[in-house]
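Everything below concerns the one structure shown next.
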Amino acid sequence: AQLVESGGRLVQAGGSLRLSCAASGRTFSNYAMGWFRQAPGKEREFVAAIKYIGGTTAYTDSVKGRFTISRDYAKNTVYLQMNSLEAEDTAVYYCAARVWYIAQNHAAYDYWGQGTQVTVSS
């Protein structure tokens with residue numbers, strides 16, 4: 001099973017990006033999908049997650065109202081729409097998967113992508 005992120009790039013503060021995470025090697029329809037990020041010198045932190053079914057989502061407080069997580073079961077892909085980006089959002093963003101339910105602890109996730117760099121210039 002493999003997760004591959006894409007969509008990260010340099011963007012100005014106030015701009016938008018959409019990250020994608022394409023899953024392959026197995027179906028992830030029974031998996032909760034999460035996005036985490038890690039800035040230089042900081043620990044990996046939870047950003048958003050979506051439950052395996054039903055659309056239940058969770059967000060860290062700093063991105064609520066700005067980021068939206070969604071998934072396309074047919075494409076086996078999860079997205080992170082990021083609006084009103086701030087310099088503090090600069091980090092490597094990782095996609096992750098775990099069975100069934102959302103978790104905010106990165107140790108609870110079984111599969112990880114390689115990450116995609118998001119840089120927000122102020």
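Could you please let me know if Ala96 is within 28 Å of Gly14 (Cα to Cα), touching a strand residue (DSSP E or B) at 6+ places or on another chain (Cβ under 6 Å), at pLDDT 95 or above and crowded, with 16+ Cβ neighbours inside 10 Å? Yes; evaluated as a whole, the condition is true for this residue.
Every residue in the stretch 94-122 that is assigned to a strand (DSSP E or B), out of contact with any helix residue (DSSP H, G or I) (no Cβ under 8 Å at 6 or more places or on another chain) and within 22 Å of Asn30 (Cα to Cα), please. Tyr94, Cys95, Ala97, Val99, Tyr111, Trp112 - these are the residues of the stretch 94-122 that are assigned to a strand (DSSP E or B), out of contact with any helix residue (DSSP H, G or I) (no Cβ under 8 Å at 6 or more places or on another chain) and within 22 Å of Asn30 (Cα to Cα). Taken over the stretch 7-40, residues that are open to solvent by 40 Å² or more (accessible area, probe 1.4 Å), of a type in the set (Gly, Ala, Ser) and modelled with pLDDT of 95 or more amount to 4. Pick from the stretch 22-37 the residues that are in contact (Cβ under 8 Å) with a residue 60 or more places away in the chain and assigned to a strand (DSSP E or B): which of them is nearest to Glu88 (Cα to Cα)? Taking the candidates together, the pick is Arg37. I need the full set of residues from the stretch 1-21 which are part of a strand (DSSP E or B) and of a type outside the set (Lys, Arg), in order please. Result: Gln2, Leu3, Val4, Glu5, Ser6, Leu10, Val11, Gln12, Leu17, Leu19, Ser20, Cys21.
The values are calculated or read from the model by the stated rules, or taken from the named source; none is laboratory data. Here the structure is a predicted model, which means the values were calculated and not measured. Glycine gets a Cβ as well: all are built from the backbone with ideal geometry, and neighbour counts include every protein chain shown. Ligands, DNA and RNA are stripped out before the accessible areas are found, and what is left, the full protein with its side chains, is counted by its heavy atoms. Shrake-Rupley method; radii C 1.70, N 1.55, O 1.52, S 1.80 Å.
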